[in-house]
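Colleague: Once you've had a glance at the structure underneath, I'll fire off some questions.
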Amino acid sequence: MTRTADVVIAGAGIAGIAAAWQIAARLGSTTTVLVDPRPPLSLTSDRPGANYRDWWPQAAMVALADRGITMAEALLADGATFAMDRRGYLFVTADPEVADGLQRVVAERVAIGVEPASVDVLDRAQLEARFAHLAPALRGAIHARRAGSLDTVGLGRAMLGLAMSAGVTVVPGEVVAVRVAGGRITAVTIATPDGVAEIATERFVNAAGPFARVVAARLGADLELETVLRQKVVIRDRLGIVPPDAPFTIGLDATGGGPAGVHVKPDTGGHAGAIKLGWARDQTPREPVADPVCPPAFPREVVARAATIVPGLSAYLEGPLDLIAHDGGFYARTPDGLPVIGPHGPVGGHVVGGLAGFGSMMAAAAGDLVARWVLDEARPDDAAAFDPRRFTGARAGASRRPGEAPAGEL
């Protein structure tokens, strides 16, 4: 089978869908094809933390997140149906020195684009008055309020519906080869359940998530990504320890021999009376698999860690956990922790990847940016911060060591 396409996109996760949506929106009618061996919005897109925030330590990330949030809100205003709230992110600390520096941190973030009216610094008395379930030992917090929960799958379905209404098709299959002539992409070969198919195209987008490096190799290109396993746990909060309207709460303190970043929130994914917990305890890079086996000790470890900021959770360690879910997927992250969005490989090749833990909140904006590259449209000034070519030749450089969490990762 041979067909032609305006663009072929490898990966029907939320990033690939967002790219297809934005390409379709610009072309009006399109023959763009999404290729994935799994159903749309599976793999990591249906295992998200399901949160969003504009609270980032880099100006380019603040701007990208802001655009993504605004685009999601616009979809809701146009009639899309997915859940999105503004409960905020609450970053808490028990360290007096850290608490004393929170105003400075806020000032730094405001200077790079965070809305000053959307963030508060809370002292011990304010924490106790507003969030009585938190540990008395906590000394201060940052409440970033342009943030909250986001139904990732619902957002993805809304974008996919718009893309398909403009002609985008989804083909079950795997990109196994890319034909290149004269340094330019001319066709993509895919293996489907019905056999091998070739799609003639001059434009290709690698949106394969944790498998983006594998796909890049099929273009004869390398991609600066490492993958790490991230897990989440949902437990029944039968004692009502965490108020159902509590913000997404994150511990800033690295204590007890483990890293900072444990987080707990009311579950907004359909489990009433439940809480969701996560912790980037393991930073070891490893090769991705579609269905990872999560360490069985993790649920009790994360509950114990979360109890340092929500003491009432320690009651659940006295017997078997009422575990609703324990699953995980692979973050794909770059040497500097920022995504790769732009040209990659032969002429006509592009990538949108490295969305390590922020695919939900930034997918719409990332899709918009890669669509601008694909269709050679004007791009925002911050596009250079995400250009994959920043890791090649004289421009190469990294701000963290392999296996070290990037700035901004929880």
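Colleague: What helices (runs of 4 or more DSSP H) lie completely within the range 102-211 and have 1 or more residues being over 24 Å from D253 (Cβ atoms)?
Modeller: Those helices (runs of 4 or more DSSP H) span 102-111, 152-165.
Colleague: Quickly run through the range 229-239 and pick out the residues that are in a loop (DSSP other than H, G, I, E, B) and buried (at least 22 other Cβ atoms within 10 Å of the Cβ).
Modeller: Within the range 229-239, just D237 meets the criteria.
Colleague: Given the options R104, R145, R124, R139, name the one that is surrounded by 14 or more Cβ atoms within 10 Å (Cβ to Cβ), of a type outside the set (D, E), out of contact with any helix residue (DSSP H, G or I) (no Cβ under 6 Å at 6 or more places or on another chain) and at pLDDT 95 or above.
Modeller: Answer to the check: R124.
Colleague: Out of all the residues in the range 240-289, which are in a loop (DSSP other than H, G, I, E, B) and of a type in the set (A, V, I, L, M)?
Modeller: I241, V242, A246, L252, A254, A260, V262, A272, A280, V289, listed by residue number.
Colleague: May I pose another question? Check whether at least one residue in the range 157-174 is on the phi < 0 side of the Ramachandran plot, surrounded by fewer than 18 Cβ atoms within 10 Å (Cβ to Cβ), in contact with a strand residue (DSSP E or B) (Cβ under 6 Å, 6 or more places away or on another chain) and among the charged types (D, E, K, R), and report yes or no.
Modeller: The answer is no; no qualifying residue exists.
Colleague: Tell me which residues, restricted to the range 335-349, are modelled with pLDDT of 95 or more and either out of contact with any helix residue (DSSP H, G or I) (no Cβ under 7 Å at 6 or more places or on another chain) or among the aromatic types (F, W, Y) (or both).
Modeller: P346, V347, G348, G349
Colleague: Keeping to the range 236-284, report how many residues are in contact with a Pro (Cβ under 9 Å, 6 or more places away or on another chain) and basic (K, R).
Modeller: 3
Colleague: For the subset of the range 18-30 comprising residues that are buried (at least 17 other Cβ atoms within 10 Å of the Cβ) and polar (S, T, N, Q), which member is modelled with the lowest pLDDT?
Modeller: Among those residues, the one meeting the criterion is T30.
Colleague: Buried (at least 23 other Cβ atoms within 10 Å of the Cβ), within 30 Å of A197 (Cβ to Cβ) and modelled with pLDDT of 95 or more, is that true of A15?
Modeller: yes
Colleague: Please count how many residues of the range 356-410 are assigned to a loop (DSSP other than H, G, I, E, B) and at pLDDT 95 or above.
Modeller: Keep residues of the range 356-410 that are assigned to a loop (DSSP other than H, G, I, E, B), which gives 356-358, 375-380, 387, 392, 396-410.
Next cut, at pLDDT 95 or above only: 375-380, 387.
Matching residues across the range 356-410 total 7.
Colleague: Please name all residue pairs, on different chains or six or more residues apart, with Cβ atoms under 8 Å, provided the first residue is in the range 268-291 and is more than 25 Å from A307 (Cβ to Cβ) and the second residue is part of a loop (DSSP other than H, G, I, E, B) and modelled with pLDDT of 90 or more.
Modeller: From the range 268-291, the pairs are A290/R38.
Colleague: Within the range 323-355, count every residue that is aliphatic (A, V, I, L, M) and free of Cβ contacts under 8 Å to residues at least 60 places away in the same chain. Write out each step before concluding.
Modeller: Residues of the range 323-355 that are aliphatic (A, V, I, L, M), as a first pass: 323-325, 332, 338, 340-341, 347, 351-352, 355.
If we keep only those that are free of Cβ contacts under 8 Å to residues at least 60 places away in the same chain too, we end up with 341.
Count: 1.
Colleague: Mind listing just one residue for me: the one in the range 297-316 that is outside any helix (DSSP H, G or I) and in contact (Cβ under 8 Å) with a residue 24 or more places away in the chain and, of those, surrounded by the fewest Cβ atoms within 10 Å (Cβ to Cβ)? Before the answer, list the steps.
Modeller: Of the range 297-316, the ones outside any helix (DSSP H, G or I) are 297, 307-310.
Next cut, in contact (Cβ under 8 Å) with a residue 24 or more places away in the chain only: 308-310.
Values: T308: 20, I309: 25, V310: 23.
Per the criteria, the residue is T308.
Colleague: Would you mind stating whether R130 is surrounded by fewer than 17 Cβ atoms within 10 Å (Cβ to Cβ), basic (K, R) and without any contact (Cβ under 8 Å) to a residue 60 or more places away in the chain? Lay out the reasoning, then the answer.
Modeller: Details: surrounded by fewer than 17 Cβ atoms within 10 Å (Cβ to Cβ): yes; basic (K, R): yes; without any contact (Cβ under 8 Å) to a residue 60 or more places away in the chain: yes.
Answer is yes for this residue.
Colleague: Going by what's in this entry, would A50 be described as of a type in the set (A, V, I, L, M, F, W, C) and under 18 Å from M362 (Cα atoms)? Explain how you work it out, then say what you get.
Modeller: Working: of a type in the set (A, V, I, L, M, F, W, C): yes; under 18 Å from M362 (Cα atoms): yes.
For A50, the condition - of a type in the set (A, V, I, L, M, F, W, C) and under 18 Å from M362 (Cα atoms) - is met.
The values are calculated or read from the model by the stated rules, or taken from the named source; none is laboratory data. Bear in mind the structure is a predicted one, so any value in this text is a computation, not a measurement. Note that each Cβ is placed from the backbone with ideal geometry, even for glycine, and that neighbours are counted across all protein chains shown.
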